[in-house]
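Structure record follows, encoded as structure tokens.
The values are calculated or read from the model by the stated rules, or taken from the named source; none is laboratory data. Everything numeric here is computed off the predicted structure, so don't read it as measured data. So basically every Cβ, Gly included, is an ideal-geometry build from the backbone, and we count neighbours across all protein chains shown. When the accessible area is computed, the model is the full protein with side chains, heavy atoms only, and any ligands, DNA or RNA have been set aside. Shrake-Rupley method; radii C 1.70, N 1.55, O 1.52, S 1.80 Å.
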Amino acid sequence: MARPDTHTNPTPGRGPAQRDPADVAQLAAHPVSYRRIARLFAPHAGRLSVVVLLIVASSVIGLATPFLTRSAVDDAIPHQDVPLLLQLVAGLVGVAIATAVLGVVQTWLATRIGQRIMHTLRTDLFAHLQRQDVGFFTRTRSGEVTSRLTNDVAGVQNVVTSSATSAAANLTTVVGSLVAMLALSWRLTLISLLVLPPAIYVSRKVATMRREVSARRQAALASLHGQVEESLSVGGATLAKTLGSGPALAERFTTTSHGILGLEVAAQLAGRWRMATMSIVFAAIPALLYLAAGLPATSAGMTIGTLVAFTALQGALFRPLMGLLDVGVQLTASSALFSRLFEYLDLPVVVADPADPVPFAPETVRGDVTFDDVTFRYPGADRDALHGISLTVPAGSHLALVGATGSGKTTLASLLPRLMDVTSGTVRIDGVDVRDVRLTDLAAVVGVVSQEPYLLHASVAENLRVARPDASDAELEAAARAARLHDVVVDLPDGYETIVGARGHRFSGGERQRLALARTLLRNPRVLVLDEATAALDTTTERAVQHALDQARAGRTTITIAHRLSTVVDADLIAVVDDGRIVEQGSHTELLARGGAYARLWRDAAQMGGKSALAA
């Protein structure tokens with residue numbers, strides 16, 4: 001994702017900034033109000049005023065240098081006036097010290113302002129994104145979310161400390177320098193104004209060529225980095241070894257790397273041409289001023305001190321002037337940055353806490369679950385995923401959902417913990433609509449163990465304490481024992497402090513499942529949703545996990561999405577889901593006796609050696 005610091009040039013002379021097409025498109029799709037941006041800075045108006053005053057003061061004080069220099073050259077040195085010379089030298093040193101100190105204070109204040117605004121945006125954005133429903137994260141790439149939360153928020157610091165302050169400093173310097181130049185010599189000022197435009201044009205033209213070459217080089221490097229991430233990650237390396245694609249990937253990498261050779265040479269030459277152009281400009285302009293000072297028609301009794309002072313001023317004018325030419329581009333980039341942040345902050349919260357929540361103490365919940373005429377349609381879909389489903393699951397009983405791929409089993413179970421909300425109908429626990437319950441209270445009541453549990457790259461204990469940060473070591477051990485995981489953990493080198501690895505790669509599939517189950521049990525939920533919890537496991541591992549699940553279900557209301565029908569034959573109620581509808585429900589024995597959809601599924605599973613052909 002584009003960021004202001006990736007396509008603007010806060011340092012003039014590095015090349016002219018150009019409006020990024022992505023920024024223009026972003027602003028066209030999501031216009032941003034400058035008034036809204038200003039509200040972010042409003043709490044810091046006093047400090048911002050001080051920053052502006054420091055910038056102006058630093059620039060004004062800095063303008064004393066050429067006049068002090070002129071006096072030293074014209075008066076003190078020729079007349080050997082040592083007291084005057086000492087005063088002028090002290091003045092020059094004092095100006096340098098004053099501008100340096102003011103610059104440090106200005107940077108400190110601007111950085112603090114930027115960091116405070118970043119902190120506010122970062123925390124607000126993180127909290128808002130956490131409130132988004134699961135559908136948002138399935139539609140949005142995780143890299144894009146990360147980029148907005150880190151890169152775009154970090155770009156705010158650049159807006160405050162670089163773009164805004166540089167624009168203010170450049171404007172003050174240019175205006176002040178022009179006034180001082182006019183005071184020194186209006187004739188040389190006129191010559192400078194005639195010479196500067198073509199010099200700036202040539203410099204920016206060369207810099208534009210360099211930026212084009214650099215852009216192609218960056219694209220090639222991005223491709224190279226992408227190949228490294230894809231091929232040398234755990235998953236990529238495993239895929240290459242299992243498919244035997246290592247040589248092909250190496251050849252692809254070699255081709256990309258070879259292509260970068262020419263681009264690197266071209267980029268270095270373009271950079272050298274830019275430096276050469278700048279050197280010519282900075283050498284030519286003073287030379288022309290010296291020529292003008294030596295010609296009778298333009299000298300008009302000009303002193304050496306005036307010429308030296310004017311040359312210094314004119315040299316300091318070039319870079320700020322080029323910086324001001326980029327203000328429009330920086331404004332577009334900064335606006336696009338805020339547009340991206342506001343776009344996410346303005347996302348509606350589909351699954352939100354109720355305005356007037358019903359008291360729902362987790363410790364008093366029985367666990368009666370009811371689906372009453374539930375219909376659900378995914379946003380943007382042209383048909384319902386669930387149609388008028390009604391089910392009753394008494395407290396402490398076990399409901400199994402079976403059916404073909406895409407039938408709606410997982411969607412139905414996801415409505416209970418409010419990963420999504422029903423389109424119509426009601427889901428109730430103990431007669432209370434789950435939409436009337438605080439999300440934190442609901443999460444304490446409904447525990448979910450999915451087919452692919454997500455584990456942090458942290459220790460076993462830290463992964464468990466995600467469920468209950470205040471849990472004691474004894475409670476961690478009790479939950480691990482309930483999930484039949486404790487014996488596995490104590491055999492690890494560091495026990496509960498063992499790092500599980502990226503996405504739990506240190507553990508087997510069954511061990512990851514049991515760790516996820518232990519994490520859920522640590523919250524002691526009254527209702528347990530098991531979403532294909534044993535689907536990806538071998539038979540031996542499945543037995544171990546299934547035994548842990550059987551123990552975990554004791555005394556809890558359980559909804560199981562079944563992959564292997566043999567794991568749910570003891571369920572109190574089995575519901576067959578087909579195309580978003582409940583086509584059959586009853587016990588295992590009753591459904592087999594009917595000879596309907598469940599019986600056909602059972603026969604298909606039996607023909608495959610006891611393994612269901614059904615994947616959720």
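Could you list all residues from the range 95-118 that are of a type outside the set (A, V, I, L, M) and in contact with a helix residue (DSSP H, G or I) (Cβ under 9 Å, 6 or more places away or on another chain)? Listed by number, the residues that qualify are THR99, GLY103, GLN106, THR107, THR111, ARG112, GLY114, GLN115, ARG116. Just so you know, in the range 411-446 the residues that are open to solvent by 50 Å² or more (accessible area, probe 1.4 Å) and in a loop (DSSP other than H, G, I, E, B) include one that is nearest to GLU532 (Cα to Cα), and it is LEU419. Within the range 533-549, can one find any residue that is farther than 22 Å from HIS398 by Cα, open to solvent by less than 10 Å² (accessible area, probe 1.4 Å), part of a helix (DSSP H, G or I) and at pLDDT below 85? Checked against the condition, which is being farther than 22 Å from HIS398 by Cα, open to solvent by less than 10 Å² (accessible area, probe 1.4 Å), part of a helix (DSSP H, G or I) and at pLDDT below 85, the range 533-549 yields no hits at all. The criterion of at least 3 residues that are modelled with pLDDT of 90 or more is met by the following helices (runs of 4 or more DSSP H) wholly inside the range 6-105: 45-62. Please verify whether THR498 is at pLDDT 90 or above and surrounded by fewer than 22 Cβ atoms within 10 Å (Cβ to Cβ), treating the condition exactly as stated. No; evaluated as a whole, the condition is false for this residue.
Condition check ((1) β-branched (Val, Ile, Thr); (2) more than 24 Å from GLY396 (Cβ to Cβ); (3) at pLDDT 90 or above) across all residues:
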{"position": "LEU416", "(1), (2), (3)": "no, no, yes"}
{"position": "ARG428", "(1), (2), (3)": "no, no, yes"}
{"position": "VAL446", "(1), (2), (3)": "yes, no, yes"}
{"position": "GLU452", "(1), (2), (3)": "no, yes, no"}
{"position": "ASN463", "(1), (2), (3)": "no, yes, no"}
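The residues listed here are LEU102, LEU86; of these, the one that is free of Cβ contacts under 8 Å to residues at least 40 places away in the same chain and either open to solvent by 70 Å² or more (accessible area, probe 1.4 Å) or out of contact with any Lys or Arg (no Cβ under 6 Å at 6 or more places or on another chain) (or both) is LEU86. So, in the range 112-126, of the ones that are closer than 24 Å to ASP421 by Cβ and among the hydrophobic types (A, V, I, L, M, F, W, C), which residue ends up least open to solvent (accessible area, probe 1.4 Å)? Ranking the candidates gives LEU125 first.
Applying the set (1) over 30 Å from MET181 (Cα atoms); (2) open to solvent by 60 Å² or more (accessible area, probe 1.4 Å); (3) not basic (Lys, Arg) to LEU109 leaves exactly one unmet item: (2). Just one residue in the set GLU475, GLU462 is surrounded by fewer than 19 Cβ atoms within 10 Å (Cβ to Cβ), farther than 30 Å from ALA597 by Cα and touching a Lys or Arg at 6+ places or on another chain (Cβ under 9 Å); that residue is GLU475. If you go through the range 386-407 and keep only what is small (Gly, Ala, Ser) and either touching a Pro at 6+ places or on another chain (Cβ under 7 Å) or farther than 22 Å from ARG600 by Cβ (or both), you end up with GLY388, SER390, ALA395, GLY396, SER397. Scanning the range 501-532 for residues that are modelled with pLDDT under 80, open to solvent by less than 40 Å² (accessible area, probe 1.4 Å) and not in a helix (DSSP H, G or I) yields GLY501, PHE507, GLU532. Considering the range 175-195, the residues that are under 16 Å from ILE61 (Cβ atoms) and surrounded by 17 or more Cβ atoms within 10 Å (Cβ to Cβ) include one that is farthest from the chain's Cα centre (by Cα), namely ALA180. When THR557 is tested against (1) among the hydroxyl-bearing types (Ser, Thr, Tyr); (2) open to solvent by 40 Å² or more (accessible area, probe 1.4 Å); (3) at pLDDT 90 or above, just one condition goes unmet, and that condition is (2). Just one of (1) in a loop (DSSP other than H, G, I, E, B); (2) open to solvent by less than 30 Å² (accessible area, probe 1.4 Å) fails for ARG484. It is (2).
In the range 127-166, counting only helices (runs of 4 or more DSSP H) that sit wholly within it, the ones holding 1 or more residues that are within 23 Å of GLN330 (Cβ to Cβ) and either of a type in the set (Lys, Arg) or open to solvent by 30 Å² or more (accessible area, probe 1.4 Å) (or both) span 153-158. Listed by first and then second residue, the pairs linking a residue in the range 563-582 that is free of Cβ contacts under 8 Å to residues at least 60 places away in the same chain to a residue that is open to solvent by 30 Å² or more (accessible area, probe 1.4 Å) and among the basic types (Lys, Arg), with Cβ atoms under 8 Å apart and 6 or more places separating them unless they lie on different chains, are ARG564/LYS611. Among the conditions (1) more than 15 Å from LEU528 (Cα to Cα); (2) in contact with a strand residue (DSSP E or B) (Cβ under 9 Å, 6 or more places away or on another chain), the only one that PRO394 does not satisfy is (1).
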